[in-house]
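Notes follow once the structure below has been shown.
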Amino acid sequence: MAAPGALLVMGVSGSGKSTVGALLASELGWKFYDADDYHPEENRRKMGKGIPLNDQDRIPWLCNLHDILLRDVASGQRVVLACSALKKTYRDILTQGKDGVALKCEESGKEAKQAEMQLLVVHLSGSFEVISGRLLKREGHFMPPELLHSQFETLEPPAAPENFIQISVDKNVSEIIATIMETLKMK
């Protein structure tokens with residue numbers, strides 16, 4: 001398999017996606033995107049009220065992220081994306097756009113070409129207890145800790161044939177970055 005054009009740092013809220021993703025992008029000299037920055041206002045309001053997002057809320061957001069990733073990767077820019085990407089279907093949309101899944105994105109119908117990118121999925125995993133403890137200490141984020149249960153219920157951890165590594169959030173950030181860097185050397 002070719003070296004990935006994009007890295008997806010995924011996991012439930014509070015797993016450290018944004019922190020790890022930003023540091024990793026800086027280390028690699030790649031562009032960094034935090035998927036939270038691209039949530040439409042309606043999604044933010046819904047989560048802020050403690051209402052979990054459903055597929056109808058997430059699909060257009062994921063399609064938009066796919067288009068951003070595809071644009072950058074096609075131009076030769078390597079990318080790190082921090083995104084929950086809890087279900088395999090969501091990860092498929094990120095890599096393949098609307099053509100790779102049964103659910104259709106209205107926006108992506110503009111281009112006929114099948115656009116799939118090489119993606120390495122980095123799953124930051126941890127127990128509910130550890131991650132909920134982190135969320136309770138976090139300030140100024142629109143995602144309330146009460147929604148963590150729904151994220152764990154929705155989570156479909158990556159599995160073969162997905163190109164992924166799983167790293168425990170029990171490790172410190174520098175150990176997590178080192179593990180990812182070592183994996184990239186082998187790709």
Taking R0 as 41 Å, what FRET efficiency do you get between Gln118 and Glu41 from their Cβ-Cβ distance, rounded to the nearest 0.05?
0.80
In whole Hz, what ³J(HN,Hα) sequence does region 62-70 give by Karplus (6.51, -1.76, 1.60; θ = phi - 60°), x for Gly and Pro?
5, 4, 4, 5, 4, 4, 5, 4, 4
Per-peptide average of other Cβ atoms within 10 Å, ordering 71-83, 162-174 highest first:
71-83, 162-174
Listed pairs Lys46/Lys137; Lys31/Lys137; Lys98/Lys171; Lys88/Lys185; Lys98/Lys137; Lys46/Lys171 exceeding 30 Å between Cα atoms
Lys98/Lys171; Lys98/Lys137; Lys46/Lys171
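Values in this text are rule-based calculations from the coordinates and carry no lab data. From a predicted model like this one, the values you see are computed outputs, not experimental measurements. Positions of Cβ are backbone-derived with ideal geometry, glycine not excepted, and every protein chain shown enters the neighbour counts.
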